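> Structure provided below as structure tokens; questions to follow.
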Amino acid sequence: MAQRRLTDFFARRRPGTRAASSRAKPIWRTPSPAKPSPRASALTMGGSRKRARPPAEPVHDKPSPPARRKLRLPADAVRARAAPGSPAAPGSPAAPGSPEHSSPRKKTKKAALSAGQLPRLTPQEEKVPSKVTFSELKSCLQRARELGARVQELRASAQRNEAGEPNVPEAERHPAETCGEKAPAYQRFHALAQPGLPGLVLPYKYQVLAEMFHSMDTIVGMLYNRSETVTFAKVKRGVQDMIRKRFEERNVGQIKTVYPTSYRFRQERNVPTFKDGIKRSDYQLTIEPLFDQEAGNMAPQLTASRLLRRRQVFSQNLVERVREHHRAFLASLNPPMVVPEDQLTRWHPRFNVDEVPDIKPAELPQPPTTEKVATAQEVLARAHSLMSPRMKKALSDLALRTAEPSSPGFPSPVLPATPPATPPAPLKGVSQDLLERIRAKEAQKQLAQMTRRPEQEQRLERLERLPELARVLRSIFVSERKPALTLDVACAKMVDSYHVAMSPGEMEKHVELLSELLPDWLSLHRIRTDTYVKLDKAADLAGVTAQLARLARAEAL
């Protein structure tokens with residue numbers, strides 16, 4: 001029974017000719033036009049003895065695994081198979097019965113694309129719907145106008161460069177045109193970034209003006225000492241080369257406002273020039289330095305000592321102008337403060353130095369203008385010069401009576417608005433006497449801070465470090481287990497233990513100050529060439545540090 005069943009199984013599984021042809025797996029090889037595929041010729045013969053695998057059903061939902069990936073023929077082989085007259089194997093992908101078969105129309109398109117020819121579009125395909133709106137056209141027109149204005153600006157700058165003007169950045173061409181734009185941070189907070197001890201720091205624009213005066217004075221001195229006529233064109237070129245900033249007549253007017261007795265300005269003609277753009281008959285602004293009245297018939301020279309003295313006078317005048325605005329600010333406080341000028345060493349903490357108004361330039365001599373009379377008003381202006389002196393005096397008296405009283409020539413600083421008398425919302429319900437006492441105490445503290453000398457400032461800094469140094473010194477004595485140490489050894493160990501870098505000489509000054517304030521706790525003994533430090537280790541360290549902190553607060557007030 002078992003033998004018969006096994007025989008029937010093999011009989012049923014034995015493939016025939018039709019089964020072999022239908023279940024044969026195609027072999028993907030590159031066909032040859034001259035030689036048919038051996039697999040195709042083998043399929044036409046009788047059934048093979050080798051079992052054929054069952055055909056795999058095409059699956060469209062899931063992609064085939066990587067091991068069963070189909071091989072694709074190169075494009076040359078596909079074109080060779082698609083050519084007319086070439087034999088096509090039944091198992092190849094270009095065969096008509098295979099799923100990869102394509103129509104002649106598709107073959108022609110593929111051949112054209114491979115040859116680099118683009119298909120031509122029909123008239124219906126070439127039409128693109130226009131979606132350009134009125135707003136887009138308006139924006140394009142505005143953009144074209146902006147580009148045209150930019151081209152005109154570039155042409156004007158190119159013409160100025162050809163005329164001989166130096167190439168200066170745009171940011172420095174118009175220093176006075178703020179137009180509501182905020183200044184850079186390095187200018188608005190220039191006073192806060194100054195190194196060293198705080199003092200009477202000048203605003204950034206004032207420091208730039210002082211640098212301009214120093215450069216201008218140097219160049220004027222060089223030209224004047226060799227008996228050469230000093231013109232503004234020569235000075236402008238030299239100053240711009242030295243400071244790399246724009247130097248205009250406006251800056252010369254500011255220098256004249258700050259230091260009016262420094263130069264004499266005139267408009268002169270027939271000044272020898274070596275530039276094509278300036279004629280000899282044109283008027284030019286000439287600059288002549290002024291000196292103090294000194295005895296002697298020799299022509300004065302701008303020596304280095306004179307240049308240094310003039311520079312110091314200019315800086316003092318700038319500081320005096322800032323003092324004027326500082327006095328106005330102190331007068332606007334509540335309560336107002338008055339600080340003696342000889343005791344002022346720094347500005348008020350709430351006084352913004354970099355917001356001081358700019359210096360107004362003084363008027364410089366202008367070249368005389370020869371105008372032709374064209375209107376009736378100009379005729380009347382000319383006739384005014386032909387009037388008698390009595391008539392001129394009568395007209396001037398009438399003008400003085402009708403004119404409003406004006407302020408003096410020196411512009412007084414504008415007082416800021418006073419704060420409102422009513423207390424703000426968070427201070428409602430607080431006694432007015434208490435507020436007055438707090439304000440008076442704060443004003444006294446700020447007054448002491450503004451009049452503090454540099455020596456007092458250094459002493460206060462040392463006093464603030466003493467509590468921490470006292471703890472460090474006591475820990476050194478406890479670790480050394482000695483009743484006394486030399487001053488050099490103690491200072492060296494304190495420098496190594498303190499968190500701030502300090503020299504041994506500076507540390508010695510701190511120890512001497514500590515022995516001066518607390519002689520019962522720390523004492524210095526000088527024996528021959530050495531100085532010894534003796535410390536009372538039994539004293540309460542907390543009481544010592546509290547006493548030092550109290551002394552530091554008393555010094556600060």
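The values are calculated or read from the model by the stated rules, or taken from the named source; none is laboratory data. None of the values given here were measured: they were computed from a predicted structure. Here Cβ is always computed from backbone atoms with ideal geometry, including for glycine, and neighbour counts include all displayed protein chains. Surface areas here come from the heavy atoms of the whole protein model, side chains and all, with no ligands, DNA or RNA. Shrake-Rupley method; radii C 1.70, N 1.55, O 1.52, S 1.80 Å.
> Can you find a residue in segment 270-284 that is of a type in the set (A, V, I, L, M), at pLDDT 90 or above, touching a strand residue (DSSP E or B) at 6+ places or on another chain (Cβ under 9 Å) and under 17 Å from PHE232 (Cα atoms)?
No, segment 270-284 has no match at all.
> Something else: Would you pick out the residues in segment 228-250 that are more than 21 Å from ILE278 (Cα to Cα) and either open to solvent by less than 10 Å² (accessible area, probe 1.4 Å) or part of a loop (DSSP other than H, G, I, E, B) (or both)?
ARG244, LYS245
> Among the residues of segment 500-522 satisfying the criterion of being in contact (Cβ under 8 Å) with a residue 12 or more places away in the chain and open to solvent by 30 Å² or more (accessible area, probe 1.4 Å), which is farthest from GLN458 (Cα to Cα)?
ASP520
> Further question: On the basis of being modelled with pLDDT under 85, more than 45 Å from the chain's Cα centre (by Cα), acidic (Asp, Glu) and loosely packed, with under 14 Cβ neighbours inside 10 Å, does GLU404 make the cut?
Against the criterion (modelled with pLDDT under 85, more than 45 Å from the chain's Cα centre (by Cα), acidic (Asp, Glu) and loosely packed, with under 14 Cβ neighbours inside 10 Å), GLU404 qualifies.
> Restricting to segment 459-504, count the residues that are of a type outside the set (Phe, Trp, Tyr) and farther than 23 Å from LEU551 by Cα.
Just the residues of segment 459-504 that are of a type outside the set (Phe, Trp, Tyr), to begin with: 459-476, 478-497, 499-504.
Keeping just the survivors that are farther than 23 Å from LEU551 by Cα gives 476, 478-490, 492-493, 495-497, 501, 503-504.
Summing the residues that are of a type outside the set (Phe, Trp, Tyr) and farther than 23 Å from LEU551 by Cα in segment 459-504 gives 22.
> I would also like to ask the following. Quick test of your reading of the structure: THR345 fulfils all but one of (1) assigned to a loop (DSSP other than H, G, I, E, B); (2) polar (S, T, N, Q); (3) open to solvent by 50 Å² or more (accessible area, probe 1.4 Å). Name the failing condition by number.
(3)
> Need the failing condition index for PRO340 against (1) modelled with pLDDT of 85 or more; (2) touching a helix residue (DSSP H, G or I) at 6+ places or on another chain (Cβ under 9 Å); (3) not in a helix (DSSP H, G or I), just the number.
Here PRO340 meets the rest and fails (2).
> Scan (1) within 21 Å of SER315 (Cβ to Cβ); (2) in contact (Cβ under 8 Å) with a residue 24 or more places away in the chain; (3) open to solvent by 40 Å² or more (accessible area, probe 1.4 Å) for the single condition VAL258 breaks and write down its number.
Among (1) within 21 Å of SER315 (Cβ to Cβ); (2) in contact (Cβ under 8 Å) with a residue 24 or more places away in the chain; (3) open to solvent by 40 Å² or more (accessible area, probe 1.4 Å), the lone unmet condition for VAL258 is (3).
> Going by the structure shown, is ASP217 of a type in the set (Asp, Glu), on the phi < 0 side of the Ramachandran plot and surrounded by 18 or more Cβ atoms within 10 Å (Cβ to Cβ)?
Values: of a type in the set (Asp, Glu): yes; on the phi < 0 side of the Ramachandran plot: yes; surrounded by 18 or more Cβ atoms within 10 Å (Cβ to Cβ): yes.
Criteria met by ASP217.
> Sticking with this structure for a sec: Tally the residues that are among the aliphatic types (A, V, I, L, M) and in a helix (DSSP H, G or I), restricting the search to segment 531-551.
Count: 7.
> Looking for something within 41 Å of the chain's Cα centre (by Cα) and open to solvent by 20 Å² or more (accessible area, probe 1.4 Å) - is there at least one such residue anywhere in segment 542-553?
Checking segment 542-553: at least one residue is within 41 Å of the chain's Cα centre (by Cα) and open to solvent by 20 Å² or more (accessible area, probe 1.4 Å).
> Output the helices (runs of 4 or more DSSP H) that fall wholly within segment 447-530 and possess 2 or more residues being under 30 Å from MET337 (Cβ atoms), or say none.
454-480
> Of the residues that make up segment 447-457, is at least one open to solvent by less than 70 Å² (accessible area, probe 1.4 Å) and more than 30 Å from PHE329 (Cα to Cα)?
Within segment 447-457, not a single residue is open to solvent by less than 70 Å² (accessible area, probe 1.4 Å) and more than 30 Å from PHE329 (Cα to Cα).
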